[in-house]
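Just below is one structure, and these are the notes that go with it.
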Amino acid sequence: MDVEQEKRLAAEAAAELVEDGMTVGLGTGSTVRYLLPALARRRLRIICVATSPRTMRAASELGLDVRPFDILDHLDITIDGADQIAPDGWLVKGGGGAHTREKIVAAAASRFIVIADSRKPVDALHGPVPLELLEFGLPATLRRLEPVAVRTAPRSPDGGILADYHGAVEDPATLAERLSATPGVVGHGLFPPRLVASVLVGRGDSVERRTV
Ligand code: DER
C-alpha cells in the first residue's frame, strides 16, 4: 500500500469537484498538502480560506487566492483530511491541532468533503480525541476531563492548549455532547456525520467515494 499515492489520488479527486468562482475551505494536514497543488494546477478563479497558518502559507506560495475568514460567511465547499472515519460518517480530526478552525470552516460550507488514505476508515472510533482548551483554569478543566493528556506540541492557531482525551469513544454523539459542554473546552475533534457530504478514500490506485 502506497499511502502517499492514496492521499494524492483522494486529494486530486476532490480538487476536481471545485468549480470556477467557488469559495473553498482548505483543511490542514498531509493529505491536504496534495490538494493544494492539484487546485493550483487548475488555475480556477476561486477564493480560499485556510484552517491554519501552514495551509495559508502553502496555498499562497502556490498562487491560490487565500483570504482571511472574515470577509465571507459561507463557503461553497470545504475539503479536509481526517484521522479516523467511522462507517456512519463520524470523524476524529485534530491530529494536526487545527480542529477548532477546521470544524468552523467545515460547518460554513455547503459541502464538506473528506479526503483520506485507506488507513483512515475504522470499524469504530477510538481515542485519543484531540481537544483545544482555554489556558485559564486549565488544571480544573483537565480534572474534569480525565483521562486526558496535554500535548507538548505547539498550541492551536488561536493559542489554545492542545490536549487529547484518552477515554473510550463507545458513543461519539454522547461524548461529543459531554466535551462540548465541559467548561474550558474550546473545541474537540469529534465531527458529526451531519457535517460531512462525502468521503473520498484512496485505495491502491483508485478512489472509493462514499456519500454520508
Ligand atoms: O489535524 C487534522 O484534523 C487533519 O486534517 C488530520 O485529521 C488529517 O491529517 P493527515 O491528512 O495528515 O492524515
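Quick notes on this one:
- Normalising the average separation of contacting C-alpha pairs (under 8 angstrom, six or more residues apart) by the number of residues puts the relative contact order of the chain at 24 percent.
- Under a 5 Å amide H cut-off, with hydrogens placed 1.01 Å from N, L131 pairs with A163, D164, Y165 among residues at least 5 apart or on other chains.
- Label-to-label distance, L17 versus E146, with points set 7 angstrom from Cα along the beta-carbon direction: 4.2 nm.
- Per residue, the solvent-accessible area of the chain (1.4 Å probe, heavy atoms of protein chains only, all protein chains present) comes to 46 Å².
- Counted over the chain, the DSSP beta bridges are approximately 50% antiparallel.
- Proportion of all alpha-carbon pairs of region 111-212 beyond 21 Å (%): 44
- Other residues lying with their Cβ under 9 Å from the Cβ of E6 contribute a combined charge of 0, Lys and Arg counting +1, Asp and Glu -1.
- If only the Cβ of Lys and Arg carry +1 and only the Cβ of Asp and Glu carry -1, the dipole of region 65-134 around its Cα centre is close to 100 debye.
- Fraction of alpha-carbon pairs over 24 Å apart in the chain - percent: 39
- The chain: calculated mean residue ellipticity at 222 nm from DSSP helix runs of at least 4, using -39500 (n - 2.57): -8000 deg cm²/dmol
- Calculated P(r) of region 120-164 - Cα pairs past 15 Å, %: 45
- Point-charge dipole on Cβ atoms (K/R +1, D/E -1) for the chain, about Cα centre, debye to 20: 320
- Accessible-area value, H74, 1.4 Å probe, nucleic acids and ligands omitted, Å²: 80
- Value in Å of the Kirkwood radius, where region 15-126 supplies the Cα pairs that are averaged: 14.0
- Once the Cα-Cα distance is subtracted from the 0.36 nm per residue extended length, the E4 to A173 segment shows a gain of 57.7 nm.
- Relative contact order, whole percent, for region 94-165 stands at 37, derived from Cα pairs under 8 Å and 6 or more residues apart.
- Amide H partners (placed H, <5 Å) of C48, local residues excluded: V24, D65, V66, R67
- Summing Cβ point charges (Lys, Arg +1; Asp, Glu -1) relative to the Cα centre of region 37-102 gives a dipole of roughly 380 debye.
- Atom-type composition of the exposed protein surface of region 1-156 places 52 percent of the accessible area on carbon and sulfur (1.4 angstrom probe).
The values are calculated or read from the model by the stated rules, or taken from the named source; none is laboratory data. This one's a predicted model, so the numbers in the text were calculated from it and none came from an experiment. Cβ sites come from the backbone with ideal geometry, for glycine too, and all protein chains shown count toward neighbours. Surface areas here come from the heavy atoms of the whole protein model, side chains and all, with no ligands, DNA or RNA. Shrake-Rupley method; radii C 1.70, N 1.55, O 1.52, S 1.80 Å.
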